[in-house]
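What follows is a short report on a single structure.
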Amino acid sequence: MKFTKMHGIGNDYVYVDCTKEPLKNPEETARLVSDRHKGIGGDGLILIHPSEEADFEMAMYNADGSYGKMCGNGIRCVAKYVYDHGLTEKTDLRIISGGAVKYLKLTVENGKVSQVRVNMGEPILWPSLIPVKGEGERLVAEPIAVDGQNYEMTCVSMGNPHAVVFLEDIKSLKLEELGVKFETHERFPDRVNTEFVRIIDKETLEMRVWERGSGETMACGTGACAVAVAAALNGFAQRSVTVRLLGGDLRIDWSEEDNCVYMTGPAAEVFQGELDMEMLRNQR
C-alpha cells in the first residue's frame, strides 16, 4: 500500500490515493497504520476517492477504525495532496465527505499549496441532529454532570458532534480521564468530540480537544469551528476569532451573511512510503 503522511497543525493522518489504488478493509487498515509504536502513526486514515458529485471524495477513519463524516484539518490536506500531486490544477475545489460537499480555496506559493480556506457549512444546533439528548432548539450553557462534577456545555455539529466546555484552566486537565467520560456519556448517542476552551479575549480562544475514536489530538478543525460558534453564542467572543490549538492556530469566521463557518489554516506533507500490510498484520 502506497501512502503519504500529512498533517494540519499537528492533526496527522495517513493518506491513501484511491484514485489510483483501491483499498479494502479501511477500518482494519486505520487501526493498523495509526498505531504510533507498531504502525506508521497518526490520528487515523484518510482515503482520497474520485467523485461524480464533486472534484474528489474524502473518507476519514479514526484511529480505532470508526468512520468519521468530516475532518477539517484532513480536508485541507486532501486539497493540498490533489493539487501538489497533479491530480488537479484547480485552486477552487469541491470535496465531498460524509455526503456533504465542502468548498475550498487554495493559496499556492512556489507551486505548492500553503494555506486552505474551507467553507465548512452552517453549524447544526438542533439537539436531535447533533445528536445529543436535551430539550429545546439549542443547548447553550447546558448543565451536564460528568464523573461527579458539574459542567456547562454548548453543543454544535459541524458534520460531527461537539460538546464545548469553557473553563478558566485547561492546561491542568487530565484529559485522558475526562475526555473519554464525555465521549461515552449517555447523552451522546453517537459519542462526542469534546473541546475544553479558555477565553483569552474577544478575538482569541485556546482549546484542547478529545476526539471520539482517537483521544487527545494536536488539533481538530471541526472542533475549532464548533468552539468559535459556541463562544459567539455565549457572548464570549466575536464571530471572527483565532483559535489556538496544541499544534498551531486556525482562523475561524462565522459569517453573518450566509451563516456558514469558514476555516483557514495550513496543510503539510511529511513523507511518502509503501507498506506491506500483510507483514504489518503478522507482526501484531
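Place a +1 charge on the Cβ of each Lys and Arg in the chain and a -1 charge on the Cβ of each Asp and Glu, then give the dipole magnitude about the Cα centre in debye, rounded to the nearest 20.
380
What base-10 log of the normalised intensity I(q)/I(0) is obtained for region 27-153 from the Debye formula, alpha carbons as equal point scatterers, at q = 0.11 Å⁻¹?
Taking Cα atoms of region 27-153 as identical point scatterers yields -0.53.
Please provide three numbers in whole Å: the alpha-carbon extents of region 14-93 along the principal axes, with the largest listed first.
37, 21, 20
So what is the 222 nm mean residue ellipticity for the chain from helices alone, if each DSSP H run of at least 4 adds -39500 (n - 2.57) and you divide by all residues, rounding to the nearest 500 deg cm²/dmol?
Result for the chain, helices only: -5500 deg cm²/dmol.
So what is the accessible area of region 200-284 per residue, in Å², with the probe set to 1.4 Å?
44
Ordering LYS24, LYS202, LYS102 by accessible area with a probe of 1.4 Å, largest first, what comes out? Let's see the in-between values first.
Details: LYS24 170, LYS202 105, LYS102 20 Å².
Order by accessible area, largest first: LYS24, LYS202, LYS102.
In region 74-146, if the dipole is taken from +1 on Lys/Arg beta carbons and -1 on Asp/Glu beta carbons about the Cα centre, which of THR91, ILE144, PRO127 is farthest to the positive end?
Checked the options; the winner is THR91.
Give the average over all directions of the projected area of the C-alpha convex hull of region 189-270, one decimal, in nm².
Orientation-averaged projected area of the Cα hull: 6.2 nm².
Average the reciprocal distances over every distinct pair of alpha-carbons in the chain, invert the result, and give the Kirkwood radius in Å.
Computed over the chain, the radius equals 19.0 Å.
At a Förster radius of 35 Å, what calculated FRET efficiency corresponds to the Cβ-Cβ distance of ILE199 and HIS37, to the nearest 0.05?
Efficiency for this residue pair is about 0.45.
Accessible area per residue of region 125-193 at 1.4 Å probe, in Å²?
That works out to 53 Å² for each residue.
Multiply the residue gap between MET277 and ARG94 by 0.36 nm, knock off their C-alpha separation, and tell me the result in nm, one decimal place.
Details: separation 183, 0.36 × 183 = 65.88 nm, distance 3.12 nm.
Roughly 62.8 nm would be gained on extension.
Which residue, TYR103, TYR81, TYR13, has the most motion in a Gaussian network model of the chain that connects Cα atoms within less than 10 Å?
Of TYR103, TYR81, TYR13, the Gaussian network model singles out TYR103 as fluctuating most.
Within the chain, what is the longest stretch that has no GluC sites (Glu not before Pro) placed in a DSSP loop and near at most 15 other beta-carbon atoms within 10 Å?
204-255
Report, please, the projected area of region 105-198 averaged over directions, based on the convex hull of its C-alpha atoms, in nm².
Taking a quarter of the hull surface, the average projection is 8.0 nm².
Need one number: the % of Cα-Cα pairs in region 1-44 sitting beyond the 15 Å mark.
I get 39 percent for the Cα pairs in region 1-44 exceeding 15 Å.
Probe radius 1.4 Å, ligands and nucleic acids ignored: give me the carbon and sulfur share of the accessible area of the chain as a rounded percent.
Answer for the chain: carbon and sulfur cover 45 percent of the accessible area.
Quick one: Debye curve from the C-alpha atoms of region 147-284, no solvent, what's log10 I(q)/I(0) at q = 0.12 Å⁻¹?
-0.51
Please work out the ratio of the alpha-carbon Rg of region 153-222 to 2.2 N^0.38 Å and round it to two decimals.
That works out to 1.04 for region 153-222.
Report the dimensions of region 54-119 along its three principal axes from the alpha-carbon atoms, largest first, rounded to Å.
Ordered largest first, region 54-119 gives principal extents of 37, 21, 19 Å.
Report the semi-axes of the equivalent ellipsoid for region 236-284 in whole Å, largest first, where each axis is √(5λ) for an eigenvalue λ of the Cα gyration tensor.
40, 13, 11
Quick one: Debye curve from the C-alpha atoms of region 139-186, no solvent, what's log10 I(q)/I(0) at q = 0.19, 0.20, 0.28, 0.29 Å⁻¹?
Debye curve over Cα of region 139-186, log10 I(q)/I(0) at q = 0.19, 0.20, 0.28, 0.29 Å⁻¹: -0.65, -0.73, -1.32, -1.36.
Could you pull out every one of the lysines with an alpha carbon less than 21 Å from that of LYS202, ignoring same-chain neighbours closer than 8 positions?
LYS171
The values are calculated or read from the model by the stated rules, or taken from the named source; none is laboratory data. Note that the structure is predicted; figures quoted are calculated from it, not measured. Cβ: placed from backbone, ideal geometry, glycine included. Neighbour counts: every protein chain shown. Ligands, DNA and RNA are excluded from the accessible area calculation, which covers all protein heavy atoms including side chains. Shrake-Rupley method; radii C 1.70, N 1.55, O 1.52, S 1.80 Å.
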